[in-house]
Amino acid sequence: MDYSYFDSIPLLIAATVILIVLFLRLRLPSVLGYLAVGVLVGPYGFGLITDTEAIRGLAEFGVVFLLFSIGLEFSLPLLLRMKGAVLGLGGAQVLLVTAVTAVVAVHLGVSVAGAIVLGGVVTMSSTALVTSQLSRQAELHSRHGLNAVGILLFQDVMVVPFLIIVANLVSPTETSATVAVLTSLGEGLLALVLIFVTGRWVLRPLFREIARFQSAELFTLTTLLVILGAAWLTHHMGLSLALGAFVAGIMLGETEYRHQLEAEIRPFRDVLMGLFLPDVWTWVLLLLSAMVVFKLLLVAGLCRLAGWDPAVSLRTGLILAHGGEFSFAILILALAGGLLPPDYGQVVLAALLISMALAALLIRFNGPLVAGLLPAAASASMETLRERVADTARGLNNHVIIGGYGRVGQNVARFLEAEGFRYLAMDMDPFRVENAVKARAPVAYGDAANIELLKAAGLSRAIALAFCLDNVDGVRKVLEHVRRLRPDLPVLVRTKDDALLEELQGAGATEVIPETMEASLMIASHLLFLLQVPVPKVLEHMHRVRSGRYALLRRLLPGGSDLLHRPSGMEPQSDETDAKGEE
């Protein structure tokens with residue numbers, strides 16, 4: 001038996017491990033590291049792997065896993081909630097980018113079928129890259145963030161028709177193109193209904209039963225069975241493997257197992273993606289420049305037509321000015337079917353890879369870039385926010401400023417209201433702010449980690465400031481400004497754990513409330529109450545722990561998971577150190 005293809009697998013995994021470590025050290029998205037593996041080992045890079053048939057099979061499975069994971073992120077309620085951005089901006093972006101790209105490609109000598117494929121490839125952006133980076137920057141629910149997510153959602157939905165069209169173009173029939181596309185769409189709808197029905201009556205109960213065994217191996221195997229089974233079904237209906245995986249992802253995306261499914265399949269998806277890079281840098285750079293500039297200007301223009309100010313529009317354009325994972329899915333299927341010459345395909349693949357690397361920087365610095373390119377527009381946009389926050393704060397004195405109006409912020413507001421304290425809250429989710437305003441709550445849209453907006457919220461007149469945000473980095477930076485203006489102001493900061501407790505206190509936080517520590521404290525206190533420990537004694541325990549900055553709760557005996565996940569320099573404290581801290 002021939003095992004020659006096995007030689008490529010250890011090399012592929014070794015290169016992946018090395019590059020992921022490098023990218024994480026450089027604080028770049030890991031998805032770029034996975035894609036960069038192709039630069040080193042692919043047949044068009046250093047040629048370390050030359051078995052193109054084996055690579056094509058691996059890449060196709062990578063596309064299948066990719067579309068399944070994206071399907072998990074699909075949400076019909078979210079689409080309905082964001083129908084303006086999704087259908088309006090998203091629909092216009094997909095239509096115009098596809099049409100313009102196709103026309104240009106035809107004029108450059110590409111066939112009509114190939115031009116349509118290129119239109120679909122260029123129109124897509126990376127959902128995974130954008131959402132993960134915006135989430136880290138606490139911009140996912142900002143105005144430009146929601147615009148970008150709305151367009152991305154429409155792009156994700158349009159992948160299914162693009163894949164069907166590509167599959168039909170690869171295997172044309174004697175019927176007209178319109179009839180063929182409609183037939184393909186009908187087959188796709190039938191496959192979708194069949195998988196959804198099967199999933200509701202079979203797969204959801206199956207996963208509930210599998211979860212009871214608490215076996216990671218069994219859960220992973222079942223996940224692979226679902227993905228490959230759905231892909232097999234659509235393949236035998238004359239459609240693509242990727243379509244079945246995408247529909248299966250949609251089906252399971254609304255279940256309670258969505259995040260575990262995504263975690264189980266991500267390694268398979270990322271390792272098998274993209275193994276090509278050509279040696280035609282001039283054409284690659286030309287295509288890259290044209291694609292980035294074209295998408296940036298078009299998306300920004302559409303946002304302006306939709307009524308957004310120039311700063312928000314340009315930030316949205318910067319976020320989406322790149323290619324995406326779906327672009328690889330469409331392009332690889334087209335290359336396998338011969339719709340594009342291999343040389344053309346490799347140029348596009350390389351431009352997509354580089355655009356995603358560039359996107360990491362464009363997304364991370366979208367705010368400073370807009371401030372540098374359009375200083376007047378950026379200033380006007382901020383002034384508009386300041387005025388709205390100031391209007392909400394008008395007449396407020398001796399009030400509490402709440403940063404973030406999610407579940408935690410709203411609960412804090414209710415306690416303040418119950419005791420007769422007035423407050424003003426700021427939140428970056430416009431839908432949440434809109435609902436709060438309808439309920440006559442004093443909530444304004446804005447980032448509470450911005451010192452100018454805090455001033456507009458009446459920082460000089462406030463009696464306390466409570467940060468209920470997930471954006472710890474932003475809070476840490478703004479604390480220094482707050483302390484210079486109001487050294488006497490009580491400032492509370494919510495964090496997920498105690499990793500930055502001392503640093504935030506050093507920056508000026510009066511109290512830092514780590515959720516994990518407070519959860520431990522609440523469980524312990526309730527347990528003591530149930531064990532009939534006197535209430536004063538329980539309260540004394542709680543007071544001593546809080547006054548000692550949670551030193552008692554931080555005295556841990558590390559387990560294996562603690563040693564694996566604890567950052568360097570965060571070793572557990574010894575009893576001696578804790579005793580000093582408590583003193």
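Worth pointing out:
- Hits in segment 339-372 (condition: in contact with a Phe, Trp or Tyr (Cβ under 7 Å, 6 or more places away or on another chain) and open to solvent by 10 Å² or more (accessible area, probe 1.4 Å)): 346, 347
- Qualifying residue in segment 457-469 (condition: open to solvent by 50 Å² or more (accessible area, probe 1.4 Å) and under 20 Å from residue 142 (Cα atoms)): no
- Within segment 414-431, the set of residues being among the aliphatic types (A, V, I, L, M) and under 16 Å from residue 388 (Cα atoms) comprises 424, 425, 426, 428.
- Residue in segment 281-289 that is modelled with pLDDT of 80 or more and surrounded by 20 or more Cβ atoms within 10 Å (Cβ to Cβ) present: yes
- Boolean, residue 525 is farther than 18 Å from residue 495 by Cβ, modelled with pLDDT under 75 and assigned to a helix (DSSP H, G or I): no
- Pick from segment 115-124, criterion open to solvent by less than 10 Å² (accessible area, probe 1.4 Å) and farther than 17 Å from residue 350 by Cβ, ranking: farthest from the chain's Cα centre (by Cα): 115
- Search result, residues across segment 224-239 that are open to solvent by 40 Å² or more (accessible area, probe 1.4 Å), more than 15 Å from residue 163 (Cα to Cα) and either β-branched (Val, Ile, Thr) or modelled with pLDDT under 80 (or both): 233, 236
- Whichever residue in segment 203-222 is closer than 16 Å to residue 249 by Cα and of a type in the set (S, T, N, Q) and, among such residues, is surrounded by the most Cβ atoms within 10 Å (Cβ to Cβ): 222
- Within segment 479-536, if we keep just the residues that are of a type in the set (Ser, Thr, Tyr) and without any contact (Cβ under 8 Å) to a residue 24 or more places away in the chain, the residue that is surrounded by the most Cβ atoms within 10 Å (Cβ to Cβ) turns out to be 495.
- A Cβ distance below 8 Å, combined with a sequence gap of six or more or placement on separate chains, defines the contacts here; from segment 113-127, residues that are over 16 Å from residue 287 (Cα atoms) reach residues that are part of a loop (DSSP other than H, G, I, E, B) and hydrophobic (A, V, I, L, M, F, W, C) in the pairs 113/339.
- Which listed residue is buried (at least 16 other Cβ atoms within 10 Å of the Cβ), at negative phi and either assigned to a helix (DSSP H, G or I) or not polar (S, T, N, Q) (or both), from 437, 412: 412
- Test: residue 403 is surrounded by 14 or more Cβ atoms within 10 Å (Cβ to Cβ), modelled with pLDDT under 95 and small (Gly, Ala, Ser): yes
- When segment 392-409 is filtered for residues that are free of Cβ contacts under 8 Å to residues at least 12 places away in the same chain, in a loop (DSSP other than H, G, I, E, B) and not small (Gly, Ala, Ser), only 394 remains.
- In summary, residue 127 fulfils each of the numbered conditions (1) at pLDDT below 90; (2) closer than 22 Å to residue 293 by Cβ; (3) over 20 Å from the mean Cα position of the chain (by Cα) with the single exception of condition (3).
- Checking every residue in segment 357-379 against the condition of being under 30 Å from residue 442 (Cβ atoms) and touching a Pro at 6+ places or on another chain (Cβ under 6 Å) gives at least one match.
The values are calculated or read from the model by the stated rules, or taken from the named source; none is laboratory data. Only a predicted model underlies this, so the values are computations on that prediction, with no experimental measurement involved. Please note: Cβ atoms are built from the backbone with ideal geometry, for glycine as well, and neighbour counts cover all protein chains shown. Only protein heavy atoms, including side chains, enter the accessible area calculation; ligands, DNA and RNA are left aside. Shrake-Rupley method; radii C 1.70, N 1.55, O 1.52, S 1.80 Å.
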